[in-house]
1. Shielding of B:305-318 by partners, i.e. mean partner chain Cβ atoms within 10 Å per residue?
2. With the Cα gyration tensor of region B:47-92 giving a ≥ b ≥ c as the square roots of its eigenvalues, does the rule (a/c under 1.5 for rounded; else a/b larger than b/c for prolate; else oblate) give rounded, prolate or oblate?
3. Residues of region A:124-149 with accessible area at least 30 Å² lower in the all-protein-chain context than alone (1.4 Å probe)?
4. Multiplying the sequence separation of residue B:58 and residue B:236 by 0.36 nm and subtracting their Cα-Cα distance, what value in nm do you get?
5. Just to confirm the filter: which GluC sites (Glu not before Pro) across region A:235-265 are DSSP coil and have at most 15 other Cβ within 10 angstrom of their Cβ?
6. At q = 0.18, 0.19 Å⁻¹, what log₁₀ I(q)/I(0) does region A:290-416 have when each alpha carbon counts as one equal point scatterer in the Debye sum?
7. Determine the shape class of region A:1-42: with a ≥ b ≥ c the square roots of the Cα gyration tensor eigenvalues, call it rounded for a/c under 1.5, and otherwise prolate if a/b is greater than b/c, oblate otherwise.
8. What pairs from A:250/B:188; B:40/B:108; A:208/B:40 go past 29 Å between their alpha carbons?
There are 2 protein chains.
Amino acid sequence: MTASPLRIGIAGLGTVGAGTLKVLRAHADLLALRAGRELKPVAVSARARGKNRGVSLDGLRWCDDPLQLAADPEIDVVAELIGGSDGIARGLCELALRNGKHVVTANKALLAHHGAALARAAETAGRALAFEAAVAGGIPIIKALREGLAANRITQLYGILNGTCNYILTQMRTEGREFSAVLAEAQKLGYAEADPSFDVDGIDAGHKLAILAASAFGGEVDFGAVSLEGIRHVTLADIRFAEELGYRIKLLGIARRTELGIEQRVHPCMVPLAAPIASVDGVYNAVVVEGDSVGTTVFEGRGAGEGPTASAVVADLLDIARGHKIPAFGVPAARLAKLPRAPLAKRKGPCYVRLMVVDRPGIFAAVAASLRDHQISMESVLQRGRAPDAVVPVVMTLHEATEAALQQALAEIARHDGIVEPPRMIRIETFA
Amino acid sequence: MTASPLRIGIAGLGTVGAGTLKVLRAHADLLALRAGRELKPVAVSARARGKNRGVSLDGLRWCDDPLQLAADPEIDVVAELIGGSDGIARGLCELALRNGKHVVTANKALLAHHGAALARAAETAGRALAFEAAVAGGIPIIKALREGLAANRITQLYGILNGTCNYILTQMRTEGREFSAVLAEAQKLGYAEADPSFDVDGIDAGHKLAILAASAFGGEVDFGAVSLEGIRHVTLADIRFAEELGYRIKLLGIARRTELGIEQRVHPCMVPLAAPIASVDGVYNAVVVEGDSVGTTVFEGRGAGEGPTASAVVADLLDIARGHKIPAFGVPAARLAKLPRAPLAKRKGPCYVRLMVVDRPGIFAAVAASLRDHQISMESVLQRGRAPDAVVPVVMTLHEATEAALQQALAEIARHDGIVEPPRMIRIETFA
């Protein structure tokens, strides 16, 4: 080992930071062999010094202020594992790059909001901005997009990007429980945050999707272009009807090249039971990438947690130690396109609709008339059981229609007598 | 674009070579943007000059002898897409490296037999030896092992590595036809070679497994360590029984770290229907990698064909254009370990056995006694239908036993009266 060590400063010693330190320690020899030089943690920063993190901090400089890491001339790369889209995490990354340090981060919110600016800062500094850990845990999907599949024009990608939602939907299906009960339990088990909005409303998946889309299409990260819809409205009844119809409900992030631009959306989907993504359950993530040469590829693994995330952070550090220089989003930052936004209203596809209706004759005739008036044709209608004058679910699957027509038809249907809740629509995606 | 172009010589203009040229042409701008320099095919070599390959050779130097590419001072990288474990392909790669050129190859047979020597030659020359296209088509699995998952100690990997076998097994199951009929049809359709031995006897999968194992464990490629068994003996009855028992039959390559060394084997397996790999059908390949930090990851895609293979070749060219230098098998060639071979005889696991027996009382008692004598316990026995004094299949699943004990018991059982064919054993893998 003659080459100089890569000197690493770690900011944030939560699950990911401590996990990263553990991997760097446990596999120091293996990493040095693979990189041709030592990957050497030299300094750390976190809020509380004394806390037991399951890993020794011996021999590491302690910094009360993470910005000290960005200023330290004895540090080559800063691993930003603090989190948050602004504030200290952002300031740290910006300062580190300005001071000529490489930056590795697991921070999807930061990249979703400031990815393009940070990529430009990295390019100006001639340093790496690496973020494998920001999307889909240990699955090397960013590397696949920037390198392994980079000979392709990517046509679409989609995936299960939030483990909390996938866990909740899986539990609802397998345990036969409603959303709120499963969420409460997930919170108790530590799988969901006290404020679950970030996960269950699709924001976290949206951050990741925006990063994937930028990496796949060579564009500026454009979180504002992602239409977001979470899983709060998915009921056990929907899940049961889906299975009966041959589908499974998954929260997907979808980024697709269309004639009108790039579609980016996160919402619950019904996917065919036979689709590879249908059987990705629990805390697993999966990303499907379609390229013009390679066809369909699938990447699957644990989407979060100490081990998988640390695996990704250290892989990025290894790339930097090996001297690899890849533009943050696969193309020079100065050449990142402004990806044209394809309006969701123009999306065309089939869907599932659940109505809560008072069970009496004539109501469905009005629904059917509204659909006809908007040129939408029904594929199937299901009403299970009878309960005269009580409220029952009626579900329909509708043939391909534009989103705009659907929304208009559903708004109209919502106003009919006997329709007691806003109609719930779940898009059907067959990825054909 | 100020950097000098990467000048590429392509040896072999079959499906893969022509496909590579097409991608380099079709995506010249995209690739230049991603690499920061032009990826420029400058010369080609193939047997017949005039043949229509669906891509123009205009502007390319033609070499009757591929070795000219290795000698050409105007070429930076040779893409060896000829094939074959020795002969011209090997000579070309050796000469190209000796002359200071990078080598990209799709040649699994060459790497399986001479991978370590070629890696050392590349290291001596200070040039890249890249072979993403040699394993699992367009799936960036070599990159995942050498880079994306390189922070892990890999504990095992396994996969569906031969599309022909997977196609045949899938067709047998879905069409209800026997091996020989499906093989004949696959040959007619061009999915299988006239001499199918390379595919159906597991040799091709073995080549790929040896390459994956070397990349995962940082060892010399050791094809001789791979125990090989193909799919010729798998019958439709086995496939049906497997489904009834909750399994699916797949030809898998498995490389596993054990206390006794590295196990490397290719053989038909029964895998649980719920395993992700069970639903990978037809010409798709899939590789499952387990690492100590990342847990279980799955990579899936088309395992062969013009597009996927070209995607992998061009990804390697892009890495070289970007100046990446990664040791061929992830660690310096001089440090490649001789992987200790774990003897198959010591493998412990459950299995399925099919006996063809004359249907009369008492035969099964003798079988049971033989199993007992070798300390093997039965989990289940199935005989469907009766046909007194005719030959019927009887299948058993056996609890975990060592391979040595199993082979002895089966050899003994084969000698019993009323057993009319050698017992057929299919190992059950649950990957738990």
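1. Averaged over the peptide's residues, the number is 5.
2. Cα axes put region B:47-92 in the oblate bin.
3. With the partner chains in place, region A:124-149 has these residues losing at least 30 Å²: A:140, A:143, A:147, A:148.
4. 59.0 nm
5. Here the GluC sites (Glu not before Pro) that fit, given the DSSP loop and packing criteria, are A:259.
6. -1.03, -1.09
7. Here region A:1-42 falls in the oblate category.
8. In this structure, A:250/B:188; A:208/B:40 lie more than 29 Å apart at Cα.
The values are calculated or read from the model by the stated rules, or taken from the named source; none is laboratory data. Fair warning: this is a prediction, and the values are worked out from it, not measured in the lab. Because the Cβ atoms are built from the backbone with ideal geometry, glycine has one as well, and the counts that use them run over all protein chains shown. Ligands, DNA and RNA are stripped out before the accessible areas are found, and what is left, the full protein with its side chains, is counted by its heavy atoms. Shrake-Rupley method; radii C 1.70, N 1.55, O 1.52, S 1.80 Å.
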